[in-house]
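Notes for the one structure printed next.
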Protein chains: 2
Amino acid sequence: MFVQALLLVAGLCRAQDPAVLVHDPAVETALAAAKNIEPQTIEQQVHICEIAAPPFHETARGQELRRLFTQLGLQEVRVDKAGNVIGTRPGRSLHPHLVVAAHLDTVFPEGTDVKVTREGTVLKAPGIGDDCRGLSVLLAIIQVLDQAKITTPGTISFVADVGEEGLGDLRGMKTLFSDSMKGEIDKFVSIDGTGYGIVNVGVGSLRYRVTFTGPGGHSYGSFGMANPIHAMGRAIAKIADLEVPSDPKTTFNVGRAGGGTSINAIPSDAWMEMDLRSSSVQALNSLDRRFQATVRTGVDEENRRWNNRGKVSASFELVGARPAGQTPLNSPIVLTALGVSRALEIEDDLRESSSDSNVPMNLGIPAITVGAGGKSTGTHSPQETFDTKDSWLGTQRAVLLVIALAR
Amino acid sequence: MFVQALLLVAGLCRAQDPAVLVHDPAVETALAAAKNIEPQTIEQQVHICEIAAPPFHETARGQELRRLFTQLGLQEVRVDKAGNVIGTRPGRSLHPHLVVAAHLDTVFPEGTDVKVTREGTVLKAPGIGDDCRGLSVLLAIIQVLDQAKITTPGTISFVADVGEEGLGDLRGMKTLFSDSMKGEIDKFVSIDGTGYGIVNVGVGSLRYRVTFTGPGGHSYGSFGMANPIHAMGRAIAKIADLEVPSDPKTTFNVGRAGGGTSINAIPSDAWMEMDLRSSSVQALNSLDRRFQATVRTGVDEENRRWNNRGKVSASFELVGARPAGQTPLNSPIVLTALGVSRALEIEDDLRESSSDSNVPMNLGIPAITVGAGGKSTGTHSPQETFDTKDSWLGTQRAVLLVIALAR
């Protein structure tokens with residue numbers, strides 16, 4: 001009911017109402033083309049996927065996207081200092097300026113076999129869905145707009161970006177919004193992964209590697225000396241009892257830990273990796289402060305226990321910081337996306353996630369991340385699959401969304 | 001004063017009083033021989049050291065000791081099922097039956113370079129002191145007793161034993177006392193390492209590897225699930241606050257810990273390695289019970305925190321158990337060892353340690369571990385050295401001690 005009411009509000013802005021647009025002859029042509037070229041879009045997806053793009057090593061795949069952007073007639077095709085490949089399709093005016101992006105990088109290390117295999121409608125390869133599907137749909141949008149001879153009122157820039165995954169830490173987006181396209185972007189859509197979800201809540205995260213160090217010694221001979229693993233244990237016990245709100249959802253996790261060299265030695269070091277997340281900037285910052293305080297308290301308690309003999313200290317290394325943000329449910333960009341789903345009879349759902357849209361959301365720039373259609377299993381695993389059944393619907397959705405937003 | 005008073009008590013037993021024995025002509029001959037053959041003893045030490053004997057792989061060095069035992073005329077030279085090399089030098093009667101042992105194994109893994117280098121009086125190689133020195137002194141005792149034509153009242157068995165170090169867990173001694181020489185041994189001397197220390201307190205230890213397991217999941221998506229690293233942290237925090245007596249010295253240490261695969265995943269497993277020690281059987285058992293209870297409490301607290309969602313469990317693997325024991329200060333074997341030092345004007349000291357003597361001490365069999373003379377640095381490191389300066393004094397001490405005890 002709530003969403004329906006909001007759609008009525010959106011309905012007032014007829015110009016970008018997908019329900020109206022979908023009956024425009026040029027848009028009809030575009031949607032037909034999106035479906036017609038799907039076999040080619042899938043071939044492109046396979047082709048892109050077979051160019052490995054490990055974290056921090058997206059250059060080869062980026063070069064191919066640069067070539068394709070140029071071949072498809074985008075203007076000012078360029079690679080920014082982060083490695084993002086950017087190409088522009090001018091509209092009747094510069095603004096609104098819509099950026100449509102898909103990420104180049106995968107989670108898979110160098111040397112991973114990226115050969116795509118097929119069984120019926122199912123493709124299998126690491127990264128085939130996330131985000132080779134997004135990249136191929138990005139290319140399909142450009143082709144379809146040309147085939148349907150559509151000139152949009154606003155301008156569209158297409159971006160194949162770096163550093164979306166893990167320790168990539170959204171560095172592509174950070175550079176795009178703070179440097180290469182700073183101040184130019186009015187709306188942002190990331191096409192990421194498969195299915196038909198719409199992400200309007202960008203879960204922020206802070207990631208730390210905490211190292212605990214002390215002199216170390218013999219477990220019996222030096223007993224009575226502070227122990228870095230014991231200090232870490234005290235810290236973890238306190239972390240485990242932190243209280244966090246469930247709305248906005250806020251989470252904490254010690255994901256990895258290690259330390260020590262021998263069962264019979266007081267270790268000289270221990271370390272842990274900590275993940276803190278929230279869709280609320282305030283909740284994330286509050287959790288961050290309390291997390292850091294618990295680590296210090298744990299260390300202090302261990303040192304006091306042994307009267308500071310063999311004193312342990314802790315140091316924090318920030319290994320990831322993804323800004324939190326939200327695009328309100330009643331914002332035009334979200335309402336347009338929901339309208340597109342309705343016009344194409346797509347069952348979508350609104351989601352929270354950490355994706356490229358976090359960066360614009362945090363800056364207050366209207367942004368969403370949408371799935372590129374089809375269906376995946378085993379995302380982020382070497383067994384990743386992509387089912388092409390009816391995947392053309394994802395291409396259609398992306399095309400209609402871009403047409404509706406580029407005005 | 002205390003020790004001096006005890007020495008007077010020991011003085012009553014003239015037959016094995018080192019101060020008297022040292023003036024016996026045959027003993028004088030033996031002591032002179034011990035000094036004379038020292039260059040040969042040092043050569044033997046180098047020779048033995050250059051046959052690698054990693055943990056659980058003592059066979060090659062054992063075979064050489066078997067050959068040397070046979071060559072030196074020991075009787076019933078044999079290898080028991082643990083790999084201990086045993087040879088006997090009969091006395092005028094079977095009892096008292098003294099066992100003199102040195103251990104074959106080192107702490108160094110296969111592939112370690114065991115070539116001995118020399119600079120002045122200093123030899124350098126992994127294991128050169130611990131326990132190649134003990135093994136070469138063992139062989140010297142046999143030679144010297146023969147050269148001095150000494151027949152002891154009791155019988156002496158010489159043992160080159162396995163599994164003294166680390167996870168070897170005293171398995172050589174456990175087999176010797178429970179199987180291959182079960183019920184036969186009246187007194188025990190281990191010649192281990194360098195210097196002139198006398199160990200009469202056998203520090204017992206229990207070593208565990210504790211594994212914490214749960215289903216694991218995504219750090220954000222699955223938040224609200226128990227976390228094995230968090231459970232381990234809770235356990236370690238409690239372990240770090242355990243209270244232990246300082247006399248008998250009782251210690252605890254988490255020496256190694258690890259777990260998890262990714263910063264953004266709730267881990268499915270974590271593990272820690274725990275070392276518990278005491279010279280008192282009761283104190284060790286009490287600590288063991290409290291340690292196990294704290295682990296269970298830590299796990300329970302983590303599970304309760306999340307209402308048992310993604311329940312974590314812990315399992316204990318006992319990876320080492322060294323029995324605790326003591327040979328009283330006023331026992332004849334300790335008093336004899338102190339008397340030997342005094343007769344040879346050696347500055348000794350009484351120590352606590354974990355060594356082969358733990359096993360007989362725990363069984364109530366008189367046992368001590370003594371250094372084999374000379375001086376070491378970097379024991380248990382690849383930079384181990386042995387200074388041969390005046391090391392003949394260690395051979396003399398071992399010879400006089402064996403003569404005094406084999407009666």
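General observations
- Label 7 Å beyond Cα on the Cβ vector: B:A60 copy-to-copy distances, nm: 4.4
- Simple point charges give the picture: +1 on the Cβ of Lys and Arg, -1 on the Cβ of Asp and Glu, and for the range B:214-272 a dipole about the Cα centre of about 100 debye.
- Considering only beta bridges that DSSP places wholly inside chain B, some 70 percent are antiparallel.
- With the largest listed first and rounded to whole Å, the semi-axes of the equivalent ellipsoid of the range A:22-160 from the Cα gyration tensor are 27, 20, 10.
- Most fluctuating residue given options B:T155, B:T121, B:T59, as computed from a GNM of chain B linking Cα atoms under 10 Å: B:T121
- Gaussian network model of chain B, Cα within-10 Å springs - most flexible of B:N307, B:N227, B:N253: B:N307
- Taken over the alpha carbons of the range A:255-407 as equal point scatterers, the Debye sum produces base-10 log I(q)/I(0) values at 0.09, 0.10, 0.17, 0.18 Å⁻¹ of -0.52, -0.61, -1.09, -1.16.
- Taken over the range B:342-406, the ratio of Cα radius of gyration to 2.2 N^0.38 Å equals 1.28.
- On the principal axes of its alpha-carbon atoms, the range A:110-248 has extents of 81, 43, 31 Å, going from largest to smallest.
- Partner lysines for B:K124 [C-alpha distance under 27 Å; skip if fewer than 8 residues away on the same chain]: B:K35, B:K115, B:K375, B:K389
- Of the beta bridges in the protein assembly as shown, as assigned by DSSP with both residues counted there, near 75 percent are antiparallel.
- Entry note: chain A has Rg to Rh equal to 1.07, where both radii use alpha-carbon atoms and Rh is the Kirkwood radius.
- Distribution of pairwise C-alpha distances over the range B:152-215, 5 Å bins, in %: 4, 10, 18, 22, 18, 11, 5, 4, 3, 2, 1, 0, 0, 0
- Distances between copies of A:E317, taken at a point 7 Å out from Cα along the Cα→Cβ vector and listed shortest first: 2.9 nm.
- Each distinct pair of alpha carbons in the range A:89-175 adds a 1/r term; the inverse of their mean, the Kirkwood radius, is 14.9 Å.
- From largest to smallest, the equivalent ellipsoid semi-axes obtained for the range B:126-178 from the alpha-carbon gyration tensor read 26, 17, 5 Å.
- Centroid-to-centroid separation of the range B:220-252 and the range A:283-358 [C-alpha atoms, Å]: 27
- Cα→Cβ-extended label distance, 7 Å offset, between A:D349 and B:E345, nm: 9.0
- The Cβ shell under 11 Å around B:R89 holds other residues with a net charge of -2, Lys and Arg each +1, Asp and Glu each -1.
- Taking the square roots of 5 times each eigenvalue of the Cα gyration tensor of the range B:276-360, largest first, gives ellipsoid semi-axes of 46, 10, 10 Å.
- GNM remark for chain B: springs join alpha carbons under 10 Å apart, and the peak mean-square fluctuation among B:D356, B:D161, B:D24 falls on B:D24.
- Paramagnetic reach from A:F316 (point 7 Å along Cα→Cβ, amide N under 11 Å) across the range A:257-293: A:285-293
- The range A:224-324 - convex hull of the alpha-carbon atoms, volume per residue in Å³: 92
- Sum of side-chain charges, B:T297 neighbourhood, beta-carbon under 9 Å (Lys, Arg +1; Asp, Glu -1): +1
- Net length available on complete extension from A:L329 to A:E119 is 71.7 nm, with 0.36 nm assigned per residue and the Cα-Cα distance removed.
- Kirkwood-Stokes translational diffusion coefficient of the range A:252-293, alpha-carbon pairs, 25 °C, 0.890 mPa s, µm²/s: 201
- Between the alpha-carbon centres of the range A:265-280 and the range A:72-135 there is a gap of 33 Å.
- Where labels lie 7 Å past Cα in the beta-carbon direction, separation of B:N36 and A:T112 in nm: 7.6
- Its residue count N sets the reference 2.2 N^0.38 Å, and the alpha-carbon radius of gyration of the protein assembly as shown equals 1.33 times that reference.
- The calculated pair-distance distribution of the range B:25-80 uses every alpha carbon pair, bins of 5 angstrom beginning at 0, and gives 4, 16, 17, 20, 19, 13, 7, 3, 0 percent.
- Likely footprinting exposure, A:L138, A:L31, fewest C-beta neighbours within 10 Å first: A:L31, A:L138
- Both the radius of gyration and Dmax for the range B:227-272 are 13.8, 46 Å, in that order, over alpha-carbon atoms.
- Every helix of 4 or more DSSP H residues in chain A counts as -39500 (n - 2.57), and over all residues that averages to -10500 deg cm²/dmol at 222 nm.
- Packing-based exposure ordering (other Cβ within 10 Å, fewest first) of B:V144, A:V295: A:V295, B:V144
- Hydrophobic long helices, here whole DSSP H runs in chain B with Kyte-Doolittle means of at least 0.5 and Cα atoms spread over 15 Å or more along the helix axis, are found at B:132-147, B:228-239, B:332-343, B:392-405.
- At most 16 other Cβ within 10 Å, DSSP loop - trypsin sites (Lys or Arg not before Pro), the range B:135-239: B:K149, B:K182
Where a number appears in this text, it was derived from the coordinates with a stated rule and is not lab data. Remember, predicted model here, so these are calculated numbers, not experimental data. Cβ: placed from backbone, ideal geometry, glycine included. Neighbour counts: every protein chain shown.
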